[in-house]
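To start, the structure under review is shown below, and the notes come after it.
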């Protein structure tokens, strides 16, 4: 399990297999995106090693810098490859209705994936 609290420049990340909660939310512009996202990527790699893993990742990122966007592309590609191998994976991208940039970012990150995803206004 990973539970990283919301920081000034980093999102809250909850990857909880036991309770089936997979959430990334907040803003992402850490000084060192590689260092921040590396344990998260390792967690996904380990989680997806077992057959028939299921997850629905909820993402609500208000802002991402370029290096965070690259990290999210990498994570989404990992999930997409696992989906192609038979894992039950979905992504839900949430955005505030006033934040068109967040919606557009979600569309750019998700548009080439095979796995099911939705981009929806958050309540």
Row for the stretch 45-111, column shape: gyration tensor on C-alpha, a ≥ b ≥ c, rounded if a/c < 1.5 i.e. under 1.5, prolate if a/b over b/c, else oblate; value prolate
Between rounded, prolate and oblate, where does the stretch 8-48 land on the alpha carbon gyration tensor, with a ≥ b ≥ c its root eigenvalues, rounded for a/c under 1.5, else prolate if a/b exceeds b/c?
-> oblate
Over the chain, what is the relative contact order in whole percent, taking alpha-carbon pairs under 8 Å and six or more residues apart?
-> 21 percent
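Run the helix sum for the chain: -39,500 (n - 2.57) per DSSP H stretch of 4+ residues, divided by residue count, reported at 222 nm to the nearest 500 deg cm²/dmol.
Working: 3 runs with 45 residues, N = 123.
Mean residue ellipticity, 222 nm, calculated: -12000 deg cm²/dmol.
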What's the center-to-center distance, using Cα atoms, between the stretch 45-64 and the stretch 67-89 in Å?
-> 8 Å
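Taking N as the number of residues in the chain, what is its alpha-carbon radius of gyration divided by 2.2 N^0.38 Å?
Values: Rg = 13.5 Å, N = 123, 2.2 N^0.38 = 13.7 Å.
Cα Rg divided by the expected 2.2 N^0.38 Å: 0.98.
Bear in mind these aren't lab numbers, they're just calculated from the coordinates by the rules spelled out. Please read these numbers as outputs of a predicted model, since none were measured by experiment.
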